[in-house]
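The next block holds one structure in the form of C-alpha cells; read it before the comments.
The values are calculated or read from the model by the stated rules, or taken from the named source; none is laboratory data. Worth saying up front: this structure is predicted, and the values here are computed from it rather than measured. Neighbour counts are summed over all protein chains in view; Cβ atoms, including those assigned to glycine, are modelled from backbone coordinates with ideal geometry. Protein only, heavy atoms only, side chains kept; ligands, DNA and RNA dropped before computing areas. Shrake-Rupley method; radii C 1.70, N 1.55, O 1.52, S 1.80 Å.
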Amino acid sequence: MSGVVSADVVVLGLGIHGMSTVAALAARGVRVIGIDRFVPGHGRGSSHGRTRMIRRAYPNPVWNPLVEKAFDAWEALERASGEKLLHRTGGLYAHEGASQLQGPDCVLVEDRAEMAALMPSFAVPEGYRAVHDPSAGVLEAERSLIALRRLAEAAGADLRDGERVLGWDTVADGVEVRTDRGIVRANRLVVAGGSWAGTLLPQLSDLLEVWRILTVTVRAGQPAGIPSALGAFSVDRADGLVFGIPDADGNGVKLGVDAGEVWDPETPVAPPTPAEADALRDLLHAYVPALDTAPVELAACLYTMTEDKRFVIGALADAPEVIAVSACSGHGFQVRSRDRRRGRGSRHRGSTGPISTSSRRPRG
Ligand SMILES: Cc1cc2nc3c(=O)[nH]c(=O)nc-3n(C[C@H](O)[C@H](O)[C@H](O)COP(=O)(O)OP(=O)(O)OC[C@H]3O[C@@H](n4cnc5c(N)ncnc54)[C@H](O)[C@@H]3O)c2cc1C
C-alpha cells in the first residue's frame, strides 16, 4: 500500500471517456491521475474491439451540435496523433415507415435502385426506406485508445492500470479517493466507470441499465465488405436494430444487434454461444449476402443504457467535486468526452447544472 498522492483531477476509468478526459486535461497542463481496475485492451467494459461507427444521422436535432463537435474532436485527435482514426464510408440506415433520423446532409432514399447505387452490397429489406448519411464512417476504436494513452503520457498524465477504486469522500478542498493501492487527493474526481456507473454512483443507478451486446466480425478484404461496396448501415427491426460496420482498413465487416440481456458488469461478459453466433451470421447473410460470414471474431461487450438513450454527464448535486460521465446507450464512442476541468454539468438536452436523481429521470 503506497502513501497519499495528490493531483488536480483524478479520473476513474480509462475507457474512451476516461482516457479522452485524461488526455485533454494533461494537454492543458492539469496534474491528472487516471486509474483503471483492468489493464489496457481488457474486454470487460464497453470500449474494446477494433471499430465503432460514427454518424451524423440522429433522431433529434438536439444532437447536431454535439455530433459536430465530435467530428471536429476526432479530426483534432488524428492531427495530434498523426494517425488515421476516422474512415468516412457513408451510411445507409434502413427503416419501415417513417423515421426521425435527420442531420446535416442526411437525405431520405425511397428508390431501391438509388439505395443499390449508394451501397451495392447492402440488401435493404423489401418495403424499407433508408436515410443516407454521407458523413458516416468507421472509427479505429482500439488505435484511438492507444493514441490517447500515448498523448496523455507524453503530456505528463499518471496512468495507473490494474488499480481498483474502492471509494471516495469529499474533503475540505476536494476529494479523497481510496484505491486498493493507496489514497489519492484531488480537487476533482471524474467518474467515467462505464457499466459500473450505477454501482460507483448509486444516485444514478435507477437511470442506468447494463446490456450484454454481441458482435460478429468476418474475414477482411472481401470485395463486398469494403467501402466502395458497403458503408455503415443499420436495419431498424422490432426485436432490435441491427448495425453493421464496413471493412475499412482491413478490420473486417462487423455486425451486431442493439439489444441484449441485462448483465451484471461484475461478472465477465459471456461470449456468444454457438446458437447466438449462428443468429448473427444469419443476419449478416441476410443484409450483406455476398459476404463469406465465417466469423473471425465473436465478441461480447456492455452497453450502459438510459431509457431515452441520452447521456448522463455532470457534477453531482450532493458532491459538486465529483463529475459523472455516463455516455453510452450504444452510441457513446463517437462523442468521447473532453472538457471536465470546470466541473459544470450538462445532461444532454442543453440544460446545465448539478445532477440530482429526481429532476433527471429520462422522459420518453
Ligand atoms: C458492441 C458495441 C458496439 C458499439 N458500437 C458503437 C458505435 O458504433 N458507435 C458509438 O459511438 N458507440 C458504440 N458503442 C458504445 C461505446 O463503445 C461506449 O459508449 C463507450 O465505449 C463507453 O465508454 P466508457 O469509457 O464510458 O466505458 P468503458 O470503456 O467501459 O470504461 C469504463 C472503465 O472504468 C473502469 N472501472 C470501473 N470501475 C472501476 C473501479 N472501481 N476502479 C477503477 N476502474 C474502474 C473499467 O475497468 C473500464 O475500463 C458500442 C458499444 C458496444 C458494447
Inset, instruction - At least 3 residues that are within 15 Å of the ligand (Cβ to nearest atom) and under 18 Å from the mean Cα position of the chain (by Cα) in each: list the strands (runs of 3 or more DSSP E) lying fully within the range 171-285 that qualify. - result: 209-218, 232-235, 242-245, 254-257
Legend entry - Residue in the range 124-134 that is away from the ligand (no atom under 16 Å from the Cβ), within 21 Å of the chain's Cα centre (by Cα) and of a type outside the set (Gly, Ala, Ser) present: yes
Legend entry - Yes/no for ASN60 being without any contact (Cβ under 8 Å) to a residue 60 or more places away in the chain and in contact with a Phe, Trp or Tyr (Cβ under 9 Å, 6 or more places away or on another chain): no
Legend entry - Single residue of VAL5, VAL11 found to be in a strand (DSSP E or B) and surrounded by fewer than 24 Cβ atoms within 10 Å (Cβ to Cβ): VAL5
Legend entry - Unmet criterion (only one of (1) part of a strand (DSSP E or B); (2) without any contact (Cβ under 8 Å) to a residue 12 or more places away in the chain; (3) charged (D, E, K, R)) for ASP72: (1)
Inset, instruction - Only one of these is in contact with a His (Cβ under 9 Å, 6 or more places away or on another chain), open to solvent by 10 Å² or more (accessible area, probe 1.4 Å) and not polar (S, T, N, Q): GLU142, GLU153. Name it. - result: GLU142
Legend entry - The one condition in (1) modelled with pLDDT under 95; (2) crowded, with 20+ Cβ neighbours inside 10 Å that GLY193 fails to fulfil: (1)
Legend entry - Failed criterion for ILE33 (all others in (1) open to solvent by less than 60 Å² (accessible area, probe 1.4 Å); (2) within 16 Å of the chain's Cα centre (by Cα); (3) not polar (S, T, N, Q) hold): (2)
Legend entry - Test result for GLU78, in contact (Cβ under 8 Å) with a residue 60 or more places away in the chain and over 17 Å from the mean Cα position of the chain (by Cα): no
Legend entry - Options GLY97, GLY127, GLY167: the member that is in a strand (DSSP E or B) and of a type outside the set (Lys, Arg): GLY167
Legend entry - Odd one out for SER20 among (1) assigned to a helix (DSSP H, G or I); (2) touching an Asp or Glu at 6+ places or on another chain (Cβ under 8 Å): (2)
Inset, instruction - Check the range 96-115 and report whether any residue there is β-branched (Val, Ile, Thr), away from the ligand (no atom under 14 Å from the Cβ) and either open to solvent by less than 10 Å² (accessible area, probe 1.4 Å) or farther than 23 Å from ALA157 by Cα (or both). - result: yes
Legend entry - Scope the range 41-61; condition more than 9 Å from the ligand (Cβ to nearest atom) and on the phi < 0 side of the Ramachandran plot; matching residues: GLY43, ARG50, ARG56, ALA57, TYR58, PRO59, ASN60, PRO61
Legend entry - Subset of the range 156-170 (residues that are of a type in the set (A, V, I, L, M), open to solvent by less than 50 Å² (accessible area, probe 1.4 Å) and within 10 Å of the ligand (Cβ to nearest atom)): VAL165
Inset, instruction - From ALA286, ALA327, ALA294, ALA277, grab the single residue that is open to solvent by less than 20 Å² (accessible area, probe 1.4 Å) and at pLDDT 95 or above. - result: ALA277
